[in-house]
Amino acid sequence: AIEDVAYEVNQDKLDCFTPIITYPETCFMLAEIALKKGGAIAGKDATGWYRTGIRASLEQFRTWATKMAVVAQVSEKAPNYAPITDANIETYLARQEFQTATLEKIVSQQWINLYMQPDEMWATWKRTGLPAFKPQPVPEDGVAFLEEIRNAGVDLVIPRRNSLPTPNSMNME
């Protein structure tokens, strides 16, 4: 994988590794395309790419946690030791909510996958409007939600794109 090559070349400088796009991101993009297309793309349907993306995301975080010596991943003596193992990944993927793909599920997993890339998380939300906002943002059926943003009981609106003035007189000439 790309991250393995970057690590081998620069083993003591993992903090310099900044992926442009990762395999899990690609899987989730292909899942979204397949879902919107209504059929297979590059050999898998939306659910296949969705599940492959989840697996790749978990494997990627396992690799990063191991290389960065995250205690919960590498130290059996740690009180919060809970490594990501192949068995844990299989158990996670066996859950009912991961047997089908919807746009909300795909974007929810992409959102989780982009945890260490907040700019990309933001760009995904602006593009899709997902995860949606909810008063109690507890995940349901594999779909994540964001907490409503309110001020004095009034919902605040986060702009998703800038609007041009009407009429647009900036380019009249």
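Which shape class, rounded, prolate or oblate, goes with the stretch 56-133 when its Cα gyration tensor gives a ≥ b ≥ c as root eigenvalues, a/c under 1.5 marks rounded, and past that a/b bigger than b/c marks prolate? Because a/c hits 1.5 or more and a/b fails to exceed b/c, the stretch 56-133 counts as oblate.
Once the Cβ-Cβ distance of Gln136 and Leu93 is raised to the sixth power relative to R0 = 35 Å, the FRET efficiency obtained is 0.85. For the pair Ala65 and Glu148, a Förster radius of 35 Å applied to the C-beta separation gives a FRET efficiency near 0.65, rounded to the nearest 0.05. Each residue was assigned an accessible area with a 1.4 Å probe, and for Ser75 the value is about 40 Å². Note on surface exposure: Leu35, Leu114, Leu146 rank Leu35, Leu146, Leu114 by accessible area, highest first, 1.4 Å probe.
Exposure check, 1.4 Å probe, all protein chains in place: Thr26 carries approximately 50 Å² of accessible surface.
Mind putting a number on the dipole of the stretch 26-145 about its Cα centre? Charges go on the C-beta only, +1 for Lys and Arg and -1 for Asp and Glu, and I need it in Debye to the nearest 20. Display every interim value, and only then the final one.
Numbers: 13 positive and 12 negative charges, 39 e Å.
I would put it at about 180 debye.
Of the trypsin sites (Lys or Arg not before Pro) found in the stretch 22-126, those that fall in a DSSP loop while having at most 11 other beta-carbon atoms within 10 Å are Lys77, Arg95. Extension gain for Ala42 to Leu103 (0.36 nm times residue separation, less C-alpha to C-alpha distance): 20.1 nm.
Among the listed pairs Lys77/Lys126; Lys37/Lys67; Lys44/Lys126; Lys36/Lys134; Lys67/Lys105, give every one whose C-alpha distance is greater than 31 Å. In this structure, Lys77/Lys126; Lys37/Lys67 exceed 31 Å between Cα atoms.
Under 5 Å from the amide H of Glu148 lie the amide H atoms of Lys134, each residue being 5 or more positions distant or on a separate chain, with H modelled from the backbone and absent for Pro and chain starts.
Once both labels are positioned 7 Å from their Cα atoms along Cα-to-Cβ, the gap between Thr85 and Tyr115 label points is 2.0 nm.
The values are calculated or read from the model by the stated rules, or taken from the named source; none is laboratory data. As the structure is a prediction and not an experimental result, all values here were calculated from the model. Backbone-built Cβ (ideal geometry, glycine too); neighbour counts: all protein chains shown. Note: accessible area is taken over every heavy atom of the protein model, side chains too, but ligands, DNA and RNA are not part of it. Shrake-Rupley method; radii C 1.70, N 1.55, O 1.52, S 1.80 Å.
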